[in-house]
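Data first, discussion second: the structure below is written as structure tokens.
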Amino acid sequence: MRIVTTTTELKALCAELAAASYAAIDTEFMRDQTYWPKLCLLQAANESTSAIIDPLAPDIDLEPLYALMANKAVMKVFHAARQDVEIFFHMGKAIPEPMFDTQIAAMVCGFGEAASYETLVRRIAKADIDKSARFTDWSRRPLSQRQLEYAISDVTHLCEVYEYLAKELERAGRRSWLEEEEAVLTDPQTYRLTPEHAWRRLRMRSGNKKFIALAAALAAWREREAQARDVPRNRILKDEALLEIAAHPPADAEALNHMRALPRGFGASRQGKGLLEAVRLGLESPPPEEALTETHQRRGREPAPAALDLLKTLLRLRCNEFGVAPRLVADSEDLERLAAGDDEGVTALHGWRAEVFGNDARKLREGRLAISLRRGQAVVIETAGETSTQREPVKAQ
């Protein structure tokens, strides 16, 4: 098994990978004790070579790997790429382009909702993966042979999965569908953890402007603290405590000490002083306009359950016909908006999703489409005045 531990070895490997049309990449990282992911292992392969890269080795510089990620002549293949790409973005300021995410491709090709890597390997490569080493401390050295074998299998099989799915996409004429989905993965904005936008992670059910302004200020303070100390944000302040403080803002350290969600003596600590300053800023600042808009839309959007059920049924029927995973076409937010007649920001009404579902969703709302039972099966029918015509099902590509 080839294990790369020096910059010279890494340069040689990256040259080999750059000479081929694609490189399958996987990472092993730790994040349970840190804010930023700690990269512990990298695996890379193509049709002719495979290797494990040890980023914790003392004599290695990962710059050749980052250059490979930016090499547009080489397709970078991942499974469920988002966390891998986040690592490359924050560590090397490089976003892998072009990219092929086999999880998204599998959903486009009809492998169901969020097809797991093990499922794809079993169905496409006809192999089983030993997952016993999956939950392990990848930062410890030396790694065992079992750990190394598990790690390398994540990319050797990925090559076969990629080659199969790439052919399926071309055959079905759906390569553009995948590229549309992957646009968010190659957008740097996806990975910029801006403290001022940290409120988006919260589930704020109140439309009170004072509450929203305080929650946003506290979320920004917590994010900055977590980034600076490199600890998980909930280690600084749990969501429940943050929302409690926003609902009942403490006036001073003594009031902070009496809050059940905080440890004893918190008010006198450095963090306690910072939190009180965040409360002061929140009380003096207007709430984010975007937060107000989102909260207003959520509170005003209460679609009838039956309308929501009809749209869910239509989504399921249409996705079955096209052989694509429903979750990829429309999420619960899209369905709620459609049922309430609020089309703004509904991704299901644009691009290939409109062809699969969005156009028919509008027709269903307008009474130009209906769902009926025929011989015990739910079918989509076109309606026109007193007549109706059963929709011919689309043959999955």
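The values are calculated or read from the model by the stated rules, or taken from the named source; none is laboratory data. What you are looking at is a predicted structure, and each value in this text was computed from that prediction instead of being measured. FYI the Cβ positions are ideal-geometry reconstructions off the backbone, even for glycines, and counts take in every protein chain you see. Please note that ligands, DNA and RNA were not included when accessible areas were found on the heavy atoms of the full protein model with its side chains. Shrake-Rupley method; radii C 1.70, N 1.55, O 1.52, S 1.80 Å.
Below 13 angstrom from the Cβ of residue 196, what's the summed charge of the other residues (Lys, Arg +1; Asp, Glu -1)?
+2
Between the stretch 72-88 and the stretch 149-179, what's the alpha-carbon centroid distance in Å?
If we compute the Cα centre of each part, the gap is 13 Å.
What would the Debye formula give as log10 I(q)/I(0) at q = 0.26 Å⁻¹ for the alpha-carbon point model of the stretch 305-363, no solvent?
Scattering profile of the stretch 305-363, log10 relative to I(0): -1.08.
Between residue 57 and residue 30, what is the FRET efficiency for a Förster distance of 22 Å, r being their Cβ-Cβ separation, to the nearest 0.05? Intermediate results must be reported in sequence, preceding the final value.
Details: r = 16 Å, r/R0 = 0.75.
Given R0 = 22 Å and the Cβ-Cβ separation, E is 0.85.
Report the full-extension gain for the segment residue 93 to residue 235: residue separation times 0.36 nm, less the Cα-Cα distance, to one decimal in nm.
Here the segment from residue 93 to residue 235 would lengthen by 48.5 nm.
Go through the stretch 30-87 and name the trypsin sites (Lys or Arg not before Pro) that are in a DSSP coil and have 16 or fewer other Cβ atoms within 10 Å of their Cβ.
Counting only loop positions with at most 16 other Cβ atoms within 10 Å, the trypsin sites (Lys or Arg not before Pro) in the stretch 30-87 are 31, 72.
Taking Rh as the Kirkwood radius computed over C-alpha pairs, what is the Stokes-Einstein D of the stretch 174-310 at 25 °C in a medium of viscosity 0.890 mPa s, expressed in µm² per second? Working shown, then result.
Numbers: Rh = 16.8 Å.
The Stokes-Einstein estimate is 146 µm²/s.
Work out, step by step, the length gained on full extension between residue 116 and residue 289: first 0.36 nm times the residue separation, then minus their alpha carbon distance; give nm to one decimal.
My answer for the length gained is 58.4 nm.
Once the Cα atoms of the stretch 98-189 are picked out, what are the Rg and Dmax in Å?
15.2, 46
Share of antiparallel DSSP beta bridges in the chain, in percent to the nearest 5?
The answer is about 70 percent antiparallel.
I'd like the carbon and sulfur percentage of the solvent accessible area for the stretch 78-237, probe radius 1.4 Å, heavy atoms only, ligands and nucleic acids excluded. Display every interim value, and only then the final one.
Working: 3450 of 7560 Å².
The C+S portion of the solvent-accessible surface of the stretch 78-237 is 46 percent.
In vacuo Debye scattering of the chain, one point per C-alpha: log10 I(q)/I(0) at q = 0.08, 0.09, 0.11 Å⁻¹?
After summing over all Cα pairs, the log10 values are -0.59, -0.73, -1.00.
In nanometres, what is the gap between the two model label sites at residue 196 and residue 163, each 7 Å from Cα along Cα-to-Cβ?
With each label placed 7 Å out from Cα toward Cβ, I get 5.0 nm.
Taking all pairs of different Cα atoms in the stretch 260-345, averaging 1/r and flipping that mean, what Kirkwood radius in angstroms comes out?
Hydrodynamic radius (Kirkwood, Cα pairs) of the stretch 260-345 is 16.8 Å.
What does the charge count around residue 108 come to, taking other residues whose C-beta lies under 14 Å from its C-beta (Lys +1, Arg +1, Asp -1, Glu -1)?
Overall, the nearby charge balance is -3.
For the stretch 1-81, what are Rg and Dmax over the alpha carbons, in angstrom?
12.5, 38
For a label point 7 Å from the Cα of residue 309 along Cα→C-beta, name the residues of the stretch 321-359 whose backbone N is under 17 Å from it.
Label zone hits: 336, 339-340.
Would you calculate, for the chain, the mean residue ellipticity at 222 nm contributed by helices, counting each DSSP H stretch of 4 or more residues as -39,500 (n - 2.57) and dividing by all residues, to the nearest 500?
-13500 deg cm²/dmol
On average, how much accessible surface per residue is there in the chain, in Å², for a 1.4 Å probe, leaving out ligands, DNA and RNA?
Per residue, the chain has an accessible area of 51 Å².
Check which residues have an amide H placed less than 5 Å from residue 330's amide H, if you skip close sequence neighbours.
Correct list: empty.
Nearest 0.05, what FRET efficiency do residue 2 and residue 359 give at R0 = 41 Å with Cβ-Cβ as r?
Working from the Cβ atoms, E equals 0.20.
Which entries in the list 76/167; 238/273; 126/167; 312/363; 38/93; 72/126 go over 20 Å, if you measure between the two C-alpha atoms of each?
With Cα atoms farther than 20 Å apart: 72/126.
Extent of the stretch 212-263 along each principal axis, from alpha carbon coordinates, in Å, largest to smallest?
Sorted from largest, the Cα extents of the stretch 212-263 read 28, 24, 18 Å.
Once R0 is set to 22 Å, what does the formula 1/(1 + (r/R0)^6) return for the Cβ-Cβ distance between residue 370 and residue 123, expressed as a FRET efficiency to the nearest 0.05?
0.05
Within the stretch 243-332, what whole-number % of the accessible surface is contributed by carbon and sulfur, with the 1.4 Å probe and all protein chains included in the calculation?
Carbon and sulfur atoms account for 53 percent of the accessible area of the stretch 243-332.
Taking a temperature of 10 °C and a viscosity of 1.306 mPa s, what whole-number D in µm²/s does Stokes-Einstein yield for the stretch 1-147 with Rh from Kirkwood over alpha carbon pairs?
The calculation lands on 98 µm²/s.
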